[in-house]
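Where a number appears in this text, it was derived from the coordinates with a stated rule and is not lab data. Nothing here was measured: the structure is a model prediction, and the numbers come from that model. Here the Cβ positions follow ideal geometry from the backbone for every residue, glycine too, while neighbour counts run over all protein chains shown.
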Amino acid sequence: MPKLTDTQTIILSRAATRPGNLAMPLPEGLHGAAAKMAVTRMITNGWIEEVDADSRRGEPLWRETGDGHGTTLIATEAGLEAIGIEPVVVKTVVAIRQHAAKVPARKPPIQRAGTKQAQIIAMLQRPEGATIAEIVAATSWQAHSARGVISGVLKKKLGLPINSAKEVGRGLVYRIV
């Protein structure tokens, strides 16, 4: 088996991390005759192959075929084996990527009216905002629960932009901006 050059190793390593083992784009600075020579040798060794590019997915082109279409380069199983990635791993990674592409996007959470969470959101939307003490008084929750709702539910789960600022006489005040 021919030995890989540093450039070929870089191309295959990058391809292994991309969806569909796409070998394009080539490393920066590799173009022209040097790129053609490296790619031709890799195709000859069976490490990469030329396939039709899917322009709808925005795949980068290796070359144009003249009929308005083009080709791109993908790493083969032999190419990935050449850099030490076993075919079983390649197939597993490909299957995981395909499954991830099929999984539908999560529906945004629905906010119910009249809940304590809705009450906290209303308090934070006021121009004066709300402190933890005010939230605790309104909800009868512990302070750590109020902080948890702000950071976990409102910021992370609902994605609300919440800022906090220290104000004289009130302490730390939370607001939805």
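Values for this structure:
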| quantity | calculated |
| --- | --- |
| Positive minus negative residues near K3 (Lys, Arg vs Asp, Glu; Cβ under 15 Å) | -1 |
| Cβ-based charge dipole, the chain, positive-most Cα from P27, W62, L172 | L172 |
| Sorted by Cβ density within 10 Å, fewest first, the residues I11, I74, I110 | I110, I74, I11 |
| Local electrostatic count, V177, Cβ distance below 14 Å [Lys/Arg +1, Asp/Glu -1] | +2 |
| Only Lys, Arg (+1) and Asp, Glu (-1) charged, at Cβ; the chain dipole about Cα centre in debye | 1200 |
| Nearest-ten-degree value, helix 87-102 long axis tilted from longest Cα axis of the chain | 50 |
| Net charge of Cβ neighbours under 11 Å - reference N163; Lys, Arg +1; Asp, Glu -1 | +2 |
| Contact order relative to length of the range 116-176, as percent, for alpha carbon pairs under 8 angstrom and 6 or more apart | 39 |
| Whole-number percent relative contact order across the chain, with pairs defined as alpha carbons under 8 Å at least 6 apart | 15 |
| Descending principal axes extents, the range 116-176, alpha-carbon based, whole Å | 31, 24, 17 |
| Signed unit charges on C-beta, dipole axis of the chain, positive-most listed residue Q111, M123, V39 | M123 |
| Whole-Å distance, taken between Cα centres, linking the range 14-60 and the range 135-177 | 50 |
| Sorted largest first, extent of the range 1-67 alpha carbons per principal axis (Å) | 35, 26, 23 |
| GNM result for the chain, Cα springs below 10 Å: residue of N45, N163, N21 fluctuating most strongly | N163 |
